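Contents: one structure, followed by commentary.
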Amino acid sequence: MAENSLFAVLMRSRWWISFAICAAVVLVSLALFPKDISPFAALGAFPFFVVGCIAFYKQMSAPSPAQMEEIQQVIAAQSWADFSTQLQTAWQAEGYDVQRLNLPGADLLLTRNGQTSVVSARRWKAATHGVEPLRELQAAQAKQQADLAIYVALQPLGDNASSWAAQNQVVVLNGKSMATLIAKNRKKR
């Protein structure tokens, strides 16, 4: 699987690990190969250097854990009108066409590149999430003939709801994912 390839793992790891591997490959190449070949062998470190640069950029531009926690606290304190407007703005910044829905189980319809998604976000700060709102979302997905169903929940879903969402391919946007989406939108402004 691509998400478990060496470079994919390095992209998720701290940036300096890629640079350390790069340095090790260069040092080993210089130590083990003849002087006329060692510079070419050292070029094998270049992909690690590139991955390190990309990981550095992503990690330096990502919000800190404290910022993520702050955004989640702000989200939890917002009214539905403010939260839905913030979600709509964030998804529009990501290139989605966002339409508000007034359906049981669905609040927003996202469209991008010919793919549609229905979003249930009204219960974002509920303390517990059961299976019933997920079933309503799935019914709205069928009614809208959407490709994807997204359930927004600041608190983790219960075990039954979580397993039901996984079995029925409902994407759960948790607090950390919401904070990341909103933080990206804040940086674009």
The alpha-carbon center of the stretch 136-189 and that of the stretch 67-112 are separated, in whole Å, by 11 Å
The percentage of the accessible area of the stretch 45-189 (probe 1.4 Å, all protein chains present) made up of carbon and sulfur atoms, to the nearest whole number, is 51 percent
Asserting the computed 222 nm helical MRE of the chain (DSSP H runs at least 4 long, -39500 (n - 2.57) per run, divided by residue count, to nearest 500) equals -18000 deg cm²/dmol
The long-range amide H neighbours of T116, using H built 1.01 Å from N in the peptide plane and a cut-off of under 5 Å, are D147, L148
antiparallel share of DSSP beta bridges within the stretch 1-153, to nearest 5, in %, is 70 percent
Calculating Rg and Dmax of the Cα atoms in Å from this structure picks out, from (1) 20.3, 60; (2) 18.5, 60; (3) 21.9, 71, entry (3)
The answer for the chain, counting only DSSP H helices whose Cα atoms cover 15 angstrom or more along the axis and whose Kyte-Doolittle average is 0.0 or greater, is 15-32, 46-61, 65-77
Computed about the Cα centre, the charge dipole of the chain from +1 Lys/Arg and -1 Asp/Glu charges at the Cβ has a magnitude in debye, to the nearest 20, of 360 debye
Pairs over 23 Å Cα to Cα, from K143/K176; K58/K176; K58/K125, come to K143/K176; K58/K125
Between R122 and R135, the two model label points (7 Å from Cα along the beta-carbon direction) sit apart by a distance in nm of 1.7 nm
In vacuo Debye sum over C-alpha of the stretch 13-102, base-10 log of normalised intensity I(q)/I(0) at q = 0.13, 0.16, 0.17, 0.24 Å⁻¹, listed in q order, is -0.66, -0.78, -0.83, -1.10
In nanometres, the difference between 0.36 nm per residue of separation and the alpha-carbon distance of Q169 and T111 is 19.1 nm
Residue-normalised value, i.e. accessible area per residue, for the chain at 1.4 Å probe, in Å², stands at 59 Å²
Extend 7 Å from the Cα of V28 along its Cα-to-C-beta direction; within the stretch 39-53, residues with backbone N under 16 Å of that point are 39-49
Averaging 1/r across every pair of distinct alpha carbons in the stretch 125-179 and inverting yields a Kirkwood hydrodynamic radius, in angstrom, of 11.3 Å
Here, E69 and D147, labelled 7 Å along Cα→Cβ, have an inter-label distance in nm of 3.8 nm
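The values are calculated or read from the model by the stated rules, or taken from the named source; none is laboratory data. Please read these numbers as outputs of a predicted model, since none were measured by experiment. Because the Cβ atoms are built from the backbone with ideal geometry, glycine has one as well, and the counts that use them run over all protein chains shown. Calculation scope for accessible area: heavy atoms of the full protein, side chains included, ligands and nucleic acids excluded. Shrake-Rupley method; radii C 1.70, N 1.55, O 1.52, S 1.80 Å.
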